[in-house]
Amino acid sequence: MNILVVNCGSSTVKYQLFRMEDEDRYEVVARGIVERIGISGSRLEHRSALDTFVEERPVPNHRVALELVIAALTSGKTQVLSGVGEIDAVGHRVVHGGEKFTGSVLITDEVLEAIRACADLAPLHNPPNILGIEACQELIPGVPQVAVFDTAFHGTLPEYAYIYAIPYEYYEKYRIRRYGFHGTSHRYVAERAAKMMGRPLEELRLITCHMGSGVSFTAILHGKSIDTSMGFTPLEGLVMGTRCGDIDPAIVFFLMEKEGLSAKEVEEILNKKSGVLGISGISSDTRDIEDAAPHNHRARLTLDIIAYRAKKYIGAYYAILGGLDGLVFTAGIGENSPYIRKSICSGLEHLGILIDDERNTVRRKEALISRDDSRVQVMVIPTNEELVIARDTWRIARGMG
Ligand code: ADP
C-alpha cells in the first residue's frame, strides 16, 4: 500500500511517501518539503531513493504545493509512482481535534466539518491542515483520507488535570481546557520505550520529553497520557525556542498597560519573541546558545532556566505517576544535545536518575543513556510522527476494504 503522509503548516507542506506491507514492514520511498508557500522565494526540496532536487518557483497556495509534490512523485528523475492512482491512502497531520477526536479517523464530510469547528481553538494550525485535506481530496480522489490529531493522545487526561481554575462557565461556553499537543510524538516514543525496556507499556510509568522548537513533557501511566505541559494552546509549559511557557498571567496585563500594547501584540511577544530567544537575546536555537554560553551570561542563564524548569516538571510528574520507570528524550534538542540532557538529569539522582556520560554522547539514535544501576531507565528515542500517521492510515484504510 502506498501511503502519502502530509503535514501542512501555514507556509509549508512536509510529506513522506510510505510503501507499507504491514505496520512493521515499510519503506519511505520519497520525502520532501515545500517551503515559503504564499510568500516570495517558495521552493520544493524533494528526495527519493533515485534522485534529489530543489526547485524554486512561485507556490501561491497549498493546492499548488501538493500539485508539485504529486508531479515529483509521478514524473521525472524522481518518479516512484506511475500515476496518482497508485496512491492508496493519504494520512494528514491535524493539530487540533478538540474534545471530539481522541483517536485517528477516516475523513468524511462530517469529520471535516468538525475539524473546521476546531479551527477557532487553533487559528494558526487547523486552517492550513484543512487546506491540505481539501487539496488532496481533489488531487487524489476516491482514496481514504485519514486525520491524525496532535491532541488525540491526551484525550485520556482526567478532568481534574484538564480543567483550569477559572470560572467553569468558560469551559462550558468555549471549551477552554488543557488539550496538550505533540501527542503523536509522545505516543510513538512511549511505545518504543516499552520495546527498548522489554516490558509491556501497560505496566510502565514514563515521562516523555519532546524538546524541539516547541517543548512538551507528558506523564504516561500504563500507556495513557495523564498530564502534559502544553495546555489550551502550545504556549503553556516549558521554555521553548520562542514561546514563554508558564508565566504569571498578570504579566500580560502589566505589559499591556506599561507598554501600551494590544492583546494581539502581547500574544505575538509571548509566542515569537520569548523563550530561548527572549532570555538570551541571541537566537531561538539552543545550538547557538550552547556555543555562546562559555563567554555570555545570558546564554548560560538560558540553559540554566531550561534545565531548572525541566526538573520541576519531571518532579511533578514523578509525583503524580507514583514513581518512574523510564524517562525519554526526543525531538531536535532531546535527540541531539548531551549537554541539555545532562543538565536536566543532574541533581535528580535522588529520584533514581543516573546518567552515564559516555552513553549520553549519543545523537539521533535510540539508546539507553542511564547507568546500569540507575533505577530509572533514561533513553534517547528519535521521534517519528510520520510513521505513526502512516500506520494509523494503513490500519483505517485496510479496515475499510
Ligand atoms: P520542530 O519542533 O520545529 O520540528 P525540531 O524537533 O527539529 O523542531 O527541533 C529544532 C531545535 O532542535 C532547534 O531549534 C535546535 O534548538 C535544536 N537542535 C537541533 N540540533 C541540535 C544540536 N545538535 N544540539 C542542540 N540543539 C539542537
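Per DSSP H run of at least 4 residues, take -39500 (n - 2.57); add these up for the chain, divide by its residues and hand me the 222 nm value, nearest 500 deg cm²/dmol.
-11000 deg cm²/dmol
May I ask which of Lys195/Lys342; Lys224/Lys272; Lys195/Lys224; Lys195/Lys365 have a Cα-Cα span longer than 21 Å here?
Lys195/Lys342; Lys224/Lys272
Roughly what would the spin-label model give for Arg199 and Lys100, points 7 Å off Cα along C-beta, in nm?
Distance between the two pseudo-spin positions: 3.9 nm.
Nearest 0.05, what FRET efficiency do Glu113 and Arg375 give at R0 = 41 Å with Cβ-Cβ as r?
With R0 = 41 Å, the Cβ-Cβ based efficiency is 0.25.
Could you state how much accessible area Arg363 has, in square angstrom rounded to the nearest 10, with a 1.4 Å probe and all protein chains kept in place?
Its heavy atoms expose roughly 140 Å² to the probe.
If Phe53, Phe329 are ordered by their accessible area, calculated over protein heavy atoms with a 1.4 Å probe, which sequence runs from highest to lowest?
Largest accessible area first, the residues go Phe53, Phe329.
Helix by helix through the chain, keep the DSSP H runs that span 30 Å or more along the axis on Cα and average at least -0.5 on Kyte-Doolittle, and give those back in order.
297-321
With all protein chains present, how much of the accessible area of the chain (probe radius 1.4 Å) comes from carbon and sulfur, to the nearest whole percent?
51 percent
Net charge within 12 Å of Leu221 by Cβ-Cβ distance, Lys/Arg positive one each and Asp/Glu negative one each, not counting Leu221 itself?
-2
Could you please report the charge total around Arg371, scoring K, R as +1 and D, E as -1 over all other residues with beta-carbon less than 13 angstrom from its beta-carbon?
-3
Over the heavy atoms of Arg371, what accessible area does a 1.4 Å probe trace out, to the nearest 10 Å²?
Here the residue's solvent-accessible area equals roughly 100 Å².
Considering only the stretch 183-380, what is the antiparallel percent among its DSSP beta bridges, to the nearest 5?
Here the share of antiparallel DSSP bridges comes out near 60 percent.
What share of the DSSP beta bridges in the chain is antiparallel, in percent to the nearest 5?
Bridges in the chain that DSSP calls antiparallel: roughly 70 percent.
How big is the shadow of the Cα convex hull of the chain, averaged over all directions, in nm²?
Dividing the Cα hull surface by four gives the mean projection, 21.2 nm².
What's the percent breakdown of Cα-Cα distances in the stretch 47-156 across 5 Å bins, shortest bin first?
2, 12, 19, 20, 17, 13, 10, 6, 1, 0
Taking 0.36 nm per residue of sequence separation and subtracting the Cα-Cα distance, how much length would be gained by fully extending the chain between Phe254 and Arg395, in nm to one decimal?
Here the segment from Phe254 to Arg395 would lengthen by 45.7 nm.
Dipole magnitude of the stretch 158-236 about its Cα centre, charges +1 at Lys/Arg Cβ and -1 at Asp/Glu Cβ only, in debye to the nearest 20?
About 240 debye.
Enumerate the calculated ³J(HN,Hα) couplings along the stretch 346-360 in order (Karplus 6.51 cos²θ - 1.76 cosθ + 1.60, θ = phi - 60°), each rounded to whole Hz, writing x wherever the residue is Gly or Pro.
Once rounded to whole Hz, the list reads 6, x, 9, 4, 5, 8, x, 9, 10, 7, 9, 4, 5, 5, 6.
Give me the percent relative contact order of the chain, please, defined on Cα pairs under 8 angstrom at least 6 residues apart.
So the answer I get is 13 percent.
When all protein chains stay in place, what accessible area (Å², nearest 10, 1.4 Å probe) is found for Tyr308?
Accessible area, nearest 10 Å²: 130 Å².
If amide H atoms are built 1.01 Å from N in the plane of the peptide, which residues on other chains or at least 5 residues away come under 5 Å of the amide H of Gly9?
Amide H to amide H, under 5 Å and 5 or more residues apart or across chains, Gly9 pairs with Lys14.
Explain nothing, just the number: dipole magnitude of the stretch 2-149 about its Cα centre with +1 on each Lys and Arg Cβ and -1 on each Asp and Glu Cβ, in debye rounded to the nearest 20.
500 debye
To the nearest Å, what is the center-to-center distance of the stretch 126-140 and the stretch 17-70, using C-alpha atoms only?
The distance from the Cα centre of the stretch 126-140 to that of the stretch 17-70 comes to 15 Å.
Using a Förster distance of 51 angstrom, determine the FRET efficiency expected from the C-beta separation of Glu358 and Thr52, and round it to 0.05.
So the FRET efficiency works out to roughly 0.90.
As a test of reading the structure, rank Tyr179, Tyr313 by solvent-accessible area (1.4 Å probe, protein chains only), most first.
Tyr313, Tyr179
Out of all DSSP beta bridges with both ends in the stretch 2-149, state the antiparallel percent to the nearest 5.
75 percent
With every protein chain left in place, what is the accessible area per residue of the stretch 211-272 in square angstrom, probe 1.4 Å?
In whole numbers, the stretch 211-272 has 47 Å² accessible per residue.
Please list, ordered by chain and number, the residues whose modelled amide H lies under 5 Å from the amide H of Asn61; skip anything fewer than 5 residues away on the same chain.
Gly38
The values are calculated or read from the model by the stated rules, or taken from the named source; none is laboratory data. Computed from a prediction, not measured in an experiment: that's the story for all the values here. Don't worry about glycine lacking a Cβ; one is built from the backbone with ideal geometry, like all the others, and counts go over all protein chains shown. Protein only, heavy atoms only, side chains kept; ligands, DNA and RNA dropped before computing areas. Shrake-Rupley method; radii C 1.70, N 1.55, O 1.52, S 1.80 Å.
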